[in-house]
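Participant: Handing you a structure now.
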Amino acid sequence: MYKIVRKEKLSDKIYLMDVVAPRVAHSCLPGQFIIAKVDDKGERIPLTICDYDREEGTITIVLQTVGASTTRMVELEVGEGFEDFVGPLGNPSDLCLEENLEETKKKKIVFIAGGVGTAPVYPQVKWLKEHGIDSTVIIGARNKDLLFYEDEMREVATELYMATDDGSYGFHGNGCQQLQALVDEGKEYNHCVAIGPMIMMKFVCLLTKELGIHTIVSMNPIMVDGTGMCGACRLMVGDEVKFACVDGPEFDGHLVDFPQAMARAAQYKTEEGRKMLALQEGDTHHGGCGNCGGDK
Amino acid sequence: MAVDVLVKVPISEQDPKVRAKNFDEVCLGYTKEEAMAEASRCINCKNAKCITGCPVSINIPAFIEQVKDGNFEKAYEIISESSALPAVCGRVCPQESQCEGKCIRGFKGDPISIGKLERFVADWACENGIKPKANPNKNGHKVAVIGAGPAGLTCAGDLAKEGFEVTIFEALHEAGGVLVYGIPEFRLPKDDVVAKEVENVKNLGVKIETNVIVGKSITIDELIEEENFEAVFIGSGAGLPRFMGIPGEQAMGVFSANEFLTRNNLMKAFKDYDTPIWRGKKVVVVGGGNVAMDAARTALRLGAEVHVVYRRSEAELPARVEEVHHAKEEGVIFDLLQNPTEILTDDEGWVNGIRIIKMELGEPDESGRRRPVEIPGSEYEIEADTVIMSLGTSPNPLISSTTKGLEVNKRGCIIAREDTGATSKDGVYAGGDAVTGAATVILAMGAGKQAAKGIMEHFK
């Protein structure tokens with residue numbers, strides 16, 4: 001069992017947990033992710049690494065309830081744990097590699113984090129700060145209640161901008177509009193990292209293409225094993241088929257086929273909805289899910 | 001029980017109509033009496049060809065002799081000297097081209113059902129709580145094995161028997177490799193067969209650490225330098241699924257056989273587990289190997305009409321004859337000498353059909369098989385809501401790209417000596433699909449065995 005040593009509720013459906021996983025903490029770098037499985041019947045869920053403590057051997061993850069497995073995950077309390085927790089998976093962010101340090105120092109970097117995308121952005125910004133590199137961070141969400149990690153991010157970002165679609169906190173508008181506003185003010189960026197829901201990354205890429213800012217996105221497609229075996233996470237980048245788990249998760253955002261990636265991400269929506277229904281209804285479940293045949 | 005020495009004792013199977021709707025094992029195995037009767041057909045050849053046909057060289061006539069006399073425990077001991085996974089091999093080995101293919105009985109009449117007897121003995125041992133015994137004498141050497149599939153389990157088991165301290169590192173959450181993610185329950189039961197045989201390997205003293213991805217969680221160099229392993233065996237299996245490169249392949253409803261089977265087998269999507277699986281109504285499986293048969297028969301059990309589309313003819317199907325036979329019995333439709341040219345989609349990007357071209361066989365190619373050639377103008381379309389690509393795999397780069405001094409060939413497979421498993425890096429050995437590309441369980445076990453010998457030599 002991989003024990004939970006800290007748990008915080010960040011918003012209605014978003015939770016933060018510190019999990020003891022020494023092997024992952026020993027080797028992970030910003031940009032990588034883990035796969036967690038809550039219990040015997042659980043699904044393997046890819047989750048980004050928000051922070052890590054090599055000495056304590058812990059990994060900080062942020063998770064949002066989406067389906068049956070993630071719902072059971074957030075019900076776990078401190079002292080309980082995940083049945084399985086494996087990583088780090090994927091490649092570290094190019095920005096946060098020692099060998100690229102000189103190159104990175106020359107860049108004018110802006111991060112745009114959307115929703116739970118704040119989690120994977122944080123370790124990158126923190127790494128850059130530790131290496132004396134400035135970065136601007138924009139955190140966007142639908143409303144104030146969905147924002148998290150502001151204080152932590154403020155400590156590591158050179159400049160931090162908060163944006164909400166409804167104007168309930170910070171800038172009134174989304175991350176794209178905030179970036180446009182900063183550029184209009186005369187700020188200059190030549191490297192953008194956008195991490196969040198696919199629809200948000202797609203719109204950031206449309207804007208940055210126009211603005212001529214090189215943009216990296218972190219893709220979060222459907223995965224099963226996460227080690228390059230199943231091919232579920234394949235996506236088109238330029239003319240090539242790439243596997244997000246072994247070739248990514250970061251790609252040149254201007255080359256990613258977002259419409260296709262978004263369609264593929266929704267592939268199991270119906271199935272998941274049915275499982276969720278079965279979970280919510282528990283022992284009172286007698287059909288309607290399309291799987292159990294209880295209503296036939 | 002009366003026996004015709006030329007005819008094998010028939011084995012009971014679930015009725016095809018019944019089993020096409022469940023995931024229970026197809027073959028029900030021999031009873032004691034049937035096994036003893038079948039064993040009595042063996043002529044106990046002095047120069048037994050069957051042994052040479054077995055990649056792990058089980059002393060076949062010796063164990064069959066014991067079965068004939070009802071000494072099943074002794075038979076199990078004889079098999080266990082050579083194989084760590086007899087209940088698995090008895091079920092999934094291509095015996096017709098190995099031991100049974102060389103059986104002298106087979107020249108005139110049916111060969112002995114060696115695989116079914118092996119399975120009987122292993123199942124009997126399991127039911128009667130008989131386990132291989134651990135070697136109490138440790139030799140003090142530490143060996144790391146990467147991958148708890150057939151190659152790794154075999155290598156680890158053989159080394160543990162010799163007193164090595166062995167730890168297997170497994171990337172997935174469960175040990176077994178292809179035995180748990182690839183081969184379906186109806187061919188190889190997971191709890192009753194695979195888990196039990198993995199447990200037997202552990203009983204030999206082998207430690208298995210799951211959820212460790214060598215090349216990511218830790219590198220081979222770190223295993224040697226920081227965790228004091230003196231030798232490493234890489235049995236990490238095959239890797240990334242291949243696709244055809246035809247239009248429409250990224251559409252929704254197109255899966256690799258690996259994904260489809262992993263969801264169903266490892267993640268148990270056919271039961272009330274969380275992992276979803278796409279249950280098509282009309283499924284086209286592209287390819288003709290054992291994996292294609294597994295995918296086709298799984299899709300069938302999930303409720304679909306299933307077509308296997310293969311570009312050569314029935315004679316060239318790489319799948320085992322028994323698998324093809326079972327698939328046909330269950331109602332899988334074979335569209336042979338045909339090849340997809342495009343996957344068709346609806347407005348939302350879901351598969352709604354497939355365009356296929358007919359083929360004919362031309363001159364033999366490098367593999368000696370007649371090359372399939374397209375028949376111009378023969379294209380046609382069929383409706384389908386699911387396409388499963390079962391075209392083999394290409395090597396996973398996770399280990400080769402993170403291990404200094406480990407050479408790979410131009411296909412990306414690790415280069416290892418066949419007789420010892422030795423790679424270009426001192427103290428590092430490899431075998432199984434990571435070396436050969438996708439092959440069979442038993443060939444991987446054979447390679448694991450050779451490498452165990454190579455590792456033993458290394459310490460002499």
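Participant: Packing-wise, with mean Cβ within 10 Å as the measure, how do B:197-205, B:11-19, B:261-269 rank, highest first?
Facilitator: Averaged packing, sorted descending, gives the order B:261-269, B:197-205, B:11-19.
Participant: Quick one: divide the alpha-carbon radius of gyration of the protein assembly as shown by 2.2 N^0.38 Å and tell me what you get.
Facilitator: Against the compact-globule rule of thumb, the ratio is 1.01.
Participant: Here's another thing I want to ask about it. Using only atoms on other chains, find how many Cβ atoms lie within 10 Å of each Cβ of peptide B:275-284 and report the average.
Facilitator: Mean partner-chain Cβ count within 10 Å for B:275-284: 4.
Participant: Counting pairs of alpha carbon atoms under 8 Å apart in space and at least six apart in sequence, what relative contact order in percent does the range B:147-210 give?
Facilitator: 46 percent
Participant: How large is the direction-averaged shadow of the alpha-carbon convex hull of the range A:177-217, in nm²?
Facilitator: It is 2.6 nm².
Participant: Output the 0 to 90 degree angle, nearest 10, between the alpha-carbon long axis of helix A:175-184 and the longest principal axis computed from the alpha carbons of chain A.
Facilitator: 0 degrees
Participant: Another one. What share of Cα pairs, in percent, lie more than 27 angstrom apart in the range B:311-460?
Facilitator: Cα-Cα pairs of the range B:311-460 separated by over 27 Å account for 47 percent.
Participant: Further, regarding this structure: Please report Rg over Rh for the range A:168-236, where both radii come from the alpha carbon positions and Rh follows the Kirkwood definition.
Facilitator: 1.10
Participant: If I take all pairs of Cα atoms in the range B:316-391, what percentage of them are more than 20 Å from each other?
Facilitator: 47 percent
Participant: Where does the charge balance sit around B:Arg41 when Lys and Arg score +1, Asp and Glu -1, over other residues with C-beta under 13 Å from its C-beta?
Facilitator: -1
Participant: Taking the Cα centre of the range B:175-288 as origin, sum charge times position over the Cβ atoms of Lys and Arg (+1) and Asp and Glu (-1), and report the length of that vector in debye to the nearest 20.
Facilitator: 940 debye
Participant: Give me the number: length gained by fully extending B:Glu199 to B:Asp419, i.e. 0.36 nm times residue separation minus the C-alpha to C-alpha distance, one decimal in nm.
Facilitator: Contour length minus Cα-Cα distance gives 76.4 nm.
Participant: Next question. Under the Kirkwood approximation applied to all pairs of distinct alpha-carbon atoms, what is the hydrodynamic radius of the range A:41-193 in Å?
Facilitator: Averaging 1/r across every pair of different Cα atoms and inverting gives 17.0 Å.
Participant: OK, next. Would you calculate a helix-derived [θ] at 222 nm for chain B, using -39,500 (n - 2.57) for each DSSP H run of n ≥ 4 and dividing by the full residue count, to the nearest 500?
Facilitator: It comes out at -8500 deg cm²/dmol, rounded to the nearest 500.
Participant: Follow-up. Let me see the pair-distance distribution of chain A: every alpha carbon pair, 10 Å bin width, integer percents in order.
Facilitator: Per 10 Å bin, starting at zero, the Cα-Cα P(r) for chain A comes out as 6, 27, 36, 23, 6, 2, 0 percent.
Participant: Quote the relative contact order of the range B:289-407 in percent (integer), defining contacts as alpha-carbon pairs under 8 Å separated by 6+ residues.
Facilitator: In percent, rounded to a whole number, it is 21.
Participant: Can you tell me the relative contact order of the range B:122-270? Whole percent, Cα pairs under 8 Å, sequence separation 6 or more.
Facilitator: Normalised by residue count, the contact order of the range B:122-270 is 30 percent.
Participant: State the three equivalent ellipsoid semi-axes of the range B:251-378, derived from the C-alpha gyration tensor as the square roots of 5 times its eigenvalues, in descending order and whole Å.
Facilitator: 27, 19, 12
Participant: Report the Cα-based extents of the range A:104-243 along its three principal axes, largest first, to the nearest Å.
Facilitator: Computed over the range A:104-243, the largest-to-smallest principal extents equal 44, 36, 31 Å.
Participant: Let me ask something else about it. Using a 10 Å cut-off around each Cβ of peptide B:239-247, what is the average number of partner chain Cβ atoms that fall inside?
Facilitator: 3
Participant: Using a Gaussian network model on chain A with a 10 Å cutoff between Cα atoms, which of A:Asp239, A:Asp247, A:Asp39 fluctuates the most?
Facilitator: It is A:Asp239.
Participant: Within 10 Å of each Cβ of B:395-401, how many other protein chain Cβ atoms are there on average?
Facilitator: Per residue, the average neighbour count from other chains is 2.
Participant: Among the helices of chain B (complete DSSP H runs), which have Cα atoms covering no less than 24 Å along the helix axis and a Kyte-Doolittle mean of at least 0.0?
Facilitator: In chain B, the long hydrophobic H runs are B:441-458.
Participant: Over the range A:89-170, one equal point on each Cα, no solvent: what is log10 I(q)/I(0) by the Debye formula at q = 0.26 Å⁻¹?
Facilitator: -1.23
Participant: Let me ask you something else. For the range B:89-158, what number results from the quotient of the Cα radius of gyration and 2.2 N^0.38 Å?
Facilitator: Relative to the rule-of-thumb radius for its length, the range B:89-158 sits at 1.50.
Participant: Using only Cα atoms, figure out Rg for the range A:123-205 and give it as a multiple of 2.2 N^0.38 Å.
Facilitator: For the range A:123-205, the normalised Cα radius of gyration comes out at 1.06.
Participant: Would you mind checking the tilt of helix A:269-281 against the longest principal axis of the Cα atoms of chain A, expressed as 0 to 90 degrees and rounded to 10?
Facilitator: 50 degrees
Participant: Order of A:192-203, B:353-364 by packing, highest average Cβ count within 10 Å first?
Facilitator: A:192-203, B:353-364
Participant: Bins of 5 Å, beginning at zero and ending with the bin holding the largest distance: percent of Cα pairs per bin for the range A:1-51, please.
Facilitator: Computed distribution, short to long bins: 5, 16, 25, 31, 18, 5, 0.
Participant: Checking the cross-link filter: which lysines have an alpha carbon closer than 23 Å to that of A:Lys202, excluding same-chain neighbours under 8 positions apart?
Facilitator: Answer for A:Lys202, where 23 Å is the Cα cut-off: A:Lys107, A:Lys108, A:Lys144, A:Lys187, A:Lys242, A:Lys269, listed by chain and number.
Participant: Let me ask something else. For the range A:57-105, just the Cα set please: Rg and Dmax, both in angstrom.
Facilitator: Expressed in Å, the Cα Rg and Dmax of the range A:57-105 come to 16.2, 45.
Participant: Separate question: With the Cα gyration tensor of the range B:1-82 in hand, convert its eigenvalues to equivalent ellipsoid semi-axes via √(5λ) and list them largest first in whole Å.
Facilitator: They are 26, 16, 13 Å, listed largest first.
Participant: Then there is this: Percent of Cα-Cα pairs per 10 Å bin, from 0 to the last occupied bin, for chain B, please list those.
Facilitator: 4, 20, 28, 27, 16, 5, 0, 0
Just so you know, all these numbers are worked out from the coordinates, no wet-lab data involved. The shown structure was predicted, so the numbers you read here are calculated from the model rather than taken from an experiment. Using ideal geometry, Cβ is built from the backbone for each residue, glycine included, and neighbour counts are taken over all protein chains shown.
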